[in-house]
Amino acid sequence: MKAVYLEKPGEAVRAIDVPEPSLSAGGIVVRITAAPVLSFMKKVLSGELGYAIDTPWIPGANGVGLVERVADDVIGLKAGQQVFIDPYLYTHTTTDSYDGILIGLTALGPDSGKMQRRWRNGTFAEEALLPAECLTLMEGVEWVEPRRLAALSFAAIAYGGLLKGGLRPGQTLVISGATGNIGASAVLVALAMGARLVVAVGREERVLQDLQALDVKRVRTVTLQGNPERDRQAIAAAAAGGAQLVYDILGNVPTFEPTGAAIHALRRGGTAILMGGVQAAINLPYSHVMLNEITIRGALMYPRSAPRDLIGMVAAGTLDLSKIHINSFPLENVNSALDCAERTRGMEYTVLIP
């Protein structure tokens, strides 16, 4: 079969012929129909981000595919069914050890090596061996093309953050970093969840205009100017009356100031969810957090139930994937796909189609 292959970080990435995966206990071989390409995947493969990968390796986190072969100890799934692939995996024990990995992307802790070696390869391939627990049956969405369904990978991360923050219908939400792929997905998902008002905050005016066009009554935008006090006032004005939730999904930026500006728009008792890649210490007035009873929480990925919820939203028509734009590439053009993903923002996504 064909697969994207990396001998070691920094070497050339290419699609080559490799052996088909062998079925193992607890696993399912899935024929991949669409695999999303993360905007920072090129930097993962080059080694620039320092992700813990175990080469030689087939990269690729998340995807959509069809079940081909099922291990004897797996129940509930059978050949021919369409599934969503969730890369987050860890051993469910009562010990303090944590061996979490994102399949096809990175190990998440010092005890993750054994898990990563067992489930080494990702979804940038015609077929992938994956743990059954990472697959969600996709029912009721057969009319949606796989390359569009693959964008649910970004929506699932956003949904996980909104769930962690307890977003409820009728509430006001500030999304910091809304012009990135996950941030834009958060706008779509929040609207589907019934948010009364979504304040989309970012630097790219064109993307913000696209997001506001999703629902001109419920989406307001704030373009960051780089002046902390001005940005704070602008966000607070857009979230008139204050927000119940701030969802921060800013990328690899060196300052906490945009996140802090968004947090200041929270009303008393509000919650901030930090799920991005900000490379700075949290800098907030102690008294402001204390007197306003602000909750600040970190979030990583999403609960296993999240993909099924999103699939249900798509089937019901509340989560409209027709609003997004997809750039598709065959495996052989993986380097073009990596370049494209690095450039795309907002509701524009890149996928590999084996």
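Miscellaneous remarks
- Qualifying positions in region 257-273 - surrounded by fewer than 21 Cβ atoms within 10 Å (Cβ to Cβ) and within 21 Å of the chain's Cα centre (by Cα): T271
- Whenever a residue of region 131-143 is assigned by TED's automatic domain parsing to the domain that holds A71 and more than 22 Å from S322 (Cα to Cα), it has no partner that is surrounded by fewer than 15 Cβ atoms within 10 Å (Cβ to Cβ) and of a type outside the set (G, A, S) lying with C-beta atoms less than 7 angstrom away and at least six residues away or across chains.
- Among the candidates I157, I175, residue that is of a type in the set (V, I, T) and either assigned to a helix (DSSP H, G or I) or under 14 Å from the mean Cα position of the chain (by Cα) (or both): I157
- So A281, is it outside the structural domain of G10 (by TED's automatic domain parsing) and buried (at least 19 other Cβ atoms within 10 Å of the Cβ): no
- Only one entry of D99, D54, D86 meets the criterion of being within 16 Å of E133 (Cβ to Cβ) and modelled with pLDDT under 95, and that entry is D99.
- Leading residue by the ranking (farthest from D54 (Cα to Cα)) among those in region 124-154 that are under 20 Å from the mean Cα position of the chain (by Cα) and surrounded by fewer than 17 Cβ atoms within 10 Å (Cβ to Cβ): E145
- For region 136-147, the criterion of being out of contact with any Gly (no Cβ under 7 Å at 6 or more places or on another chain), assigned to a strand (DSSP E or B) and not β-branched (V, I, T) is met by at least one residue.
- Verdict on G269 being out of contact with any strand residue (DSSP E or B) (no Cβ under 6 Å at 6 or more places or on another chain) and at positive phi: yes
- First in region 312-340 and crowded, with 16+ Cβ neighbours inside 10 Å, second anywhere and charged (D, E, K, R) and in a loop (DSSP other than H, G, I, E, B), Cβ under 8 Å, 6 or more apart: A315/E139; L331/E126
- Qualifying residue in region 256-264 (condition: assigned to a loop (DSSP other than H, G, I, E, B) and either among the charged types (D, E, K, R) or outside the structural domain of G140 (by TED's automatic domain parsing) (or both)): yes
- Single unsatisfied condition, N121 versus (1) buried (at least 16 other Cβ atoms within 10 Å of the Cβ); (2) modelled with pLDDT under 95; (3) in a loop (DSSP other than H, G, I, E, B): (2)
- Which listed residue is in a loop (DSSP other than H, G, I, E, B), at positive phi and surrounded by fewer than 17 Cβ atoms within 10 Å (Cβ to Cβ), from G50, G104, G109, G60: G50
The values are calculated or read from the model by the stated rules, or taken from the named source; none is laboratory data. The shown structure was predicted, so the numbers you read here are calculated from the model rather than taken from an experiment. Counting neighbours? That spans all protein chains shown, and the Cβs are built from the backbone with ideal geometry, glycine included.
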